[in-house]
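Taking it in order: structure first as structure tokens, then the write-up.
Values quoted throughout were computed directly from the atomic coordinates according to the rules given, and no laboratory measurement underlies them. Model, not experiment: these values are computed from the prediction. Cβ coordinates were reconstructed from backbone atoms using ideal geometry, including for glycine residues, and neighbour counts include every protein chain displayed.
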């Protein structure tokens, strides 16, 4: 298929390897800082930190209006004015960010679980909403140009801010609820500094004859699903404390930090495939990537599950052992949702984001119902069950839509073929050789 969009630099495996690096570093930063935060703040203190920052993360993820995905789609297709799209995006995101800040201020008295410090932090961190949304838009435009090294640098800077910020505060004895929240809020914003020259690069890809951009036409169809997806990811940490207790949220936060580690590869590969499939469809490449990544995620989850009985009490402290069964259930949810994640990305890249959104809306409704019913009774375990339900439903529906509309069978997304091993080897080789300068196109 002929494409008029920006040329895909390097092969799929190379781009996955580059992008995975950008996800691995934040994951490592989160892994290193999670035990530090747990030990310095304690079980309830860790729960209070999660309660204080959860609204910020929820708003940043839920009020993108589909702008980053729309930028990736239109820039990758090469059918729009990139800089005009960015100007339009700025206006939309400022309005959305202001609305999000207002919502946090209204909801804060209930979400703060009667803790004045948590309430104060919730209000202060709203200052990071608009800048963080803008960084997401810049990342979307860079992804459309296949500038994966630039996206990786952004994530690396954010990871460094979190890592050195938290450890530095701990070493100097100044790590508390307020300073920890400040670092977590600032990290994603400061990472955006790497995009300072991106508008110039976008200018080189301008399309003079392109019609006026309709950023929200595609974006809103994606956003409905993205909104539901972020609710699936973030609403649990926002609701656990009000519905149960800060201690249960402490357990759940640790479980999420561990269980999200295998998602690094999923997110990296899915982002690369979205841009690549937007430029040029390839059913076999899509299915092969899904199978390979699912197999790797399964292996990673099994390894983590085996380490949990030792790792949780050793790294986080004995008081966090209650997080172990919750983590096991979340690891199962991670594996179950991986093939459907790629199917949903393909629906968006092939111009049917509304179908992906439908899957996520249905899953989101079921997830919220399960949270409200199960968390007051089972605490963190109830939230984990709700996550498993949401992941399974959204994955199954995405696979059904893709099969019925594009003829890509659900079976092709599962299992592992011999030919897939070559892709695994290629990705691993590029990841291990990248920092030694041996990775040539």
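Points worth noting:
- P(r) histogram, all alpha-carbon pairs of segment 253-321 included - 5 Å bins from 0, percent: 3, 15, 21, 18, 13, 10, 9, 6, 4, 2, 0
- Normalised alpha carbon radius of gyration of segment 57-158 [divisor 2.2 N^0.38 Å]: 1.24
- Within segment 35-77: backbone nitrogen closer than 20 Å to the residue 94 label point (7 Å, Cα to C-beta): 60, 63-68, 71
- Using a Förster distance of 30 Å, the FRET efficiency for residue 372-residue 302 (Cβ separation, nearest 0.05): 0.40
- Distance in nm between pseudo-label sites at residue 404 and residue 193 (7 Å out along the Cβ direction from Cα): 5.0 nm
- The simple spin-label model puts a point 7 Å past each Cα toward its Cβ; for residue 411 and residue 311 those points are separated by 3.5 nm.
- Taking each residue as 0.36 nm, the span from residue 245 to residue 123 lengthens on full extension beyond its C-alpha to C-alpha distance by 41.8 nm.
- Volume of the convex hull of segment 224-372 (Cα atoms only), normalised per residue: 95 Å³.
- Distance between the 7 Å Cα→Cβ label points at residue 362 and residue 425: 4.1 nm.
- Distance from segment 129-151 to segment 341-415 (C-alpha centre basis), Å: 25 Å
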